[in-house]
1. Who wins for biggest fluctuation among B:GLY93, B:GLY185, B:GLY194 in a Gaussian network model of chain B, springs between alpha carbons below 10 Å?
2. Where in chain B lies the longest segment free of trypsin sites (Lys or Arg not before Pro) that are both loop residues by DSSP (not H, G, I, E, B) and have at most 10 other Cβ atoms within 10 Å?
3. Okay, helix-only estimate at 222 nm for chain B: each DSSP H run of n ≥ 4 adds -39500 (n - 2.57), divide by all residues, round to 500 deg cm²/dmol; what do you get?
4. Only Cα pairs within less than 10 Å get springs; with that Gaussian network setup on chain B, which residue of B:ALA108, B:ALA236, B:ALA60 has the largest fluctuation?
5. Report ³J(HN,Hα) in whole Hz for each residue of the range B:157-173, in order, from the Karplus equation J = 6.51 cos²θ - 1.76 cosθ + 1.60 where θ = phi - 60°; Gly and Pro get x.
6. Are there GluC sites (Glu not before Pro) in the range A:86-193 that DSSP marks as loop and that have at most 14 other Cβ atoms within 10 Å, and which are they?
7. Would you grab the residues whose amide H sits under 5 Å from the one on A:VAL32? Only those 5+ places off in sequence or on another chain, please, with H modelled 1.01 Å from N.
8. Considering every residue in A:5-13, what mean count of other chain Cβ atoms within 10 Å of its Cβ is obtained?
Amino acid sequence: MTVMRDTVVKSLAKINVQGDENGLIPEYEVLVNLLPVSLLNTFTERIMAAAPADRKAEVEAGLVRAAYECGYHTGCGIITSEIFNDVVMPMVTEGEKDILRGAYAAFTAWGWAKSGIVQLKEGEKMIIRAFDYYEADSGGEGLRAYMLRGLSQAFFDLAYADPYPDGMDTYVCHQTKGIEVGDPYGEFVVTKK
Amino acid sequence: MPVQYEESMAAGKGDTSLKGNLSLTNITDLLQFLSSSAKSGMIQLVRHPGGQEGKIHFVAGELVSAVSGDLAGLEGLADLLAWDQGTFHFQPGAVASKTNVGLSVQHAIMEAVVLLDKQVKENQSNPTKAVEERSLDMQGGRGSNEVLNDLLEISGIDAVVVVGRDGFVIESAGSSARVNIDELGASLAHAINGIEEMGSELNVDRFQDMFIEYGRAVILCKPVGDAVAAVITPDASKLGIIRHKTKKLFEELSHSF
């Protein structure tokens, strides 16, 4: 038995989107919000457009960092949550590899991107492919799926680096393909830093 | 028939002989052609370079015997199927001195391909080498989309899909009105999980390939690296040739996953 993606998606997609008095949705032992993706894309577009040409790389790195920090802490919350334990963990037979499969299935269930693992060399390298991710609709130039880059790096750190919270910044993620530049899918490669 | 044979008439005798080069066609295509036209006779083969000789006898399109050097029967046929350079000559009416295969062409090809697979597996039995090769393969090689497109060019294949062990559809090509690709991915993952558990219980090693024949579609799947590739074909009539022709492409695909 390994983690069955459709089982995870069907179980986790039953999220209650009713926010509390602050608009926050307590699910899977983390707090999430329900915002239109156009807001997130517009934020990225504006901040990149406002950056001077010689500092765009730094701003880009900052956007990836924001996604990474969020992904690292939220990701830990998800994979240690009760529901993940109930739904995913009984199917885990291949250790960290299966936990990552479950994490990407959860990511898909939440509607962030239809994404999954293409190749995985344990502790060394991972290739992720993503379809219909919201950043593909953003305006701008070049590869710009900052959220998916940061999140993929965070997931791999959680799986193979030192235990949370000491494993940050062990791996790095590069985007090699993107729907936003005309490729059929987005592709992300995680390797050691 | 997509290949060209040099067909010559023996002057005055009225019989037809079929000659050609294995660089233009392959033995599997030739067997399929002769089977479909219910020929009786012998294919004589000479391998290049080296000059090794082989013979395959038919009666009414059925394969009755195969010989390649010292190898006879299915072993001989398996050896012949691996030849990619040489010449062939079909001699109508030639009769085999004895039967050492006695199967339909489709069945004989499938059995011979199983033998070939087994030989390849035995040659790759060094696990350390396999891991090293996979590590290198992850760094480059022909793109998986190119290999999928080559698979689609095989006659009879409607669609090809590569699925992660968790059911994630990594890549697909072609289209099949018979099957929803996303549902196929999830279903295959569940089926293969069950099959691997059975293999483990029975202690018969890992799963190598699987055919599922339904009323309106046939699905052939095989592990490619850490994923599973599946091809969809409308019926089982070309399964032997599809299995043979997909073999190398599946191997190539395994370098990408």
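1. Comparing B:GLY93, B:GLY185, B:GLY194 in the GNM, the peak value goes to B:GLY194.
2. Details: sites that count: B:LYS13, B:LYS98, B:ARG206, B:ARG216.
Here the longest segment lacking exposed loop sites spans B:99-205.
3. Working: 7 runs with 95 residues, N = 257.
Helices in chain B give a 222 nm mean residue ellipticity of -12000 deg cm²/dmol.
4. Answer for the Gaussian network model of chain B: B:ALA60.
5. For the range B:157-173, the Karplus curve yields 8, 8, 8, 10, 9, 10, 10, x, 5, 8, x, 6, 6, 6, 7, 8, 8 Hz.
6. Filter output for the range A:86-193: A:GLU122, A:GLU124, A:GLU141.
7. Amide H neighbours of A:VAL32, under 5 Å, 5+ apart: A:ILE25, A:GLU27.
8. Working: counts 10, 10, 5, 2, 2, 1, 0, 0, 0.
If you average over the peptide's residues, the count of other-chain Cβ atoms is 3.
We did not get these values from a lab; they are worked out from the coordinates using the rules stated. Only a predicted model underlies this, so the values are computations on that prediction, with no experimental measurement involved. Virtual Cβ from ideal backbone geometry, glycine too; neighbours counted across all protein chains shown.
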